[in-house]
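First up is the structure itself, then whatever we jot down about it.
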């Protein structure tokens, strides 16, 4: 049973427009959420994170929103650029034994930004 | 400052063989985790090492084992390789007080 779900395998947007990537989770013990970007033949690159005590975190063109009651988070990229084309993974973790536990990943969403 | 480095980048092994993958964490990081990423899937947690001990383990058989050395580097060993072990193996490191993990480029293992 998947605890972190990214229901859209792919997303295509026009350069300059907003990209919205969605993620749902089922485990209410998750208290930290992260987004990673992955290019082919490379490891995932950390993008942005959010603690469960917040509902929004912003870093440049990237904003993550968390809706705890809906167990839903989203990543907004504004404006989208062709270099943003990659697979985006949502990940979640919970505290375990006094420290942050391992990451549980979704299956990813492939973003294509067209010039 | 070197990030997380993994070796080798690619590896081909025969079914039944054993393999060792290596990881050097980012400078200042003391916690190392290993993940397996199959094609079209997200990374799946294998295990985590801190202070040279396995602290957490995912749902993987005991054919998968690991080690962390005093310099925080780590190895992942897989015995009795199966065709289904073919995947990208990712190492991630972090400082134990932080949550953001940084990944290496991965080792692509192909079992034939």
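Coordinate-derived values only; no laboratory data. Everything quoted here is computed from the prediction, not taken from an experiment. In this analysis, Cβ positions are derived from the backbone assuming ideal geometry, glycine residues included, and neighbour counts consider all displayed protein chains.
What to note about this one:
- Among the candidates B:6, B:41, B:48, B:37, the residue that is crowded, with 16+ Cβ neighbours inside 10 Å, without any contact (Cβ under 8 Å) to a residue 60 or more places away in the chain and either within 11 Å of chain A (Cβ to nearest Cβ) or touching a helix residue (DSSP H, G or I) at 6+ places or on another chain (Cβ under 6 Å) (or both) is uniquely B:48.
- Hey, residue B:77 within 24 Å of residue A:2 (Cα to Cα), more than 10 Å from chain A (Cβ to nearest Cβ) and either surrounded by fewer than 16 Cβ atoms within 10 Å (Cβ to Cβ) or in contact with a helix residue (DSSP H, G or I) (Cβ under 9 Å, 6 or more places away or on another chain) (or both) or not: no
- Where a residue in region A:16-37 is farther than 18 Å from residue A:88 by Cα and its partner, wherever it lies, is surrounded by 19 or more Cβ atoms within 10 Å (Cβ to Cβ), with Cβ under 6 Å and at least six apart: A:30/A:92
- Residues in region B:102-112 that are buried (at least 16 other Cβ atoms within 10 Å of the Cβ) and more than 14 Å from chain A (Cβ to nearest Cβ) were compared, and the one that is nearest to residue B:4 (Cα to Cα) is B:109.
- Each residue in region B:15-34 was checked for being closer than 23 Å to residue B:96 by Cβ and either touching a strand residue (DSSP E or B) at 6+ places or on another chain (Cβ under 7 Å) or in contact (Cβ under 8 Å) with a residue 60 or more places away in the chain (or both), and 13 of them qualify.
- Filter result for residue A:87 (surrounded by 21 or more Cβ atoms within 10 Å (Cβ to Cβ) and under 26 Å from residue B:104 (Cβ atoms)): no
- Sole exception among (1) without any contact (Cβ under 8 Å) to a residue 60 or more places away in the chain; (2) away from chain B (no Cβ under 14 Å); (3) surrounded by fewer than 18 Cβ atoms within 10 Å (Cβ to Cβ); (4) on the phi < 0 side of the Ramachandran plot for residue A:60, by number: (4)
- Extreme residue, nearest to the other protein chains (Cβ to nearest Cβ), among residues of region B:89-101 that are surrounded by fewer than 19 Cβ atoms within 10 Å (Cβ to Cβ) and either closer than 30 Å to residue B:12 by Cβ or touching a residue at least 40 places away in the same chain (Cβ under 8 Å) (or both): B:96
- Residue within region B:55-66 that is touching a strand residue (DSSP E or B) at 6+ places or on another chain (Cβ under 7 Å), crowded, with 20+ Cβ neighbours inside 10 Å and under 24 Å from residue A:38 (Cα atoms) present: no
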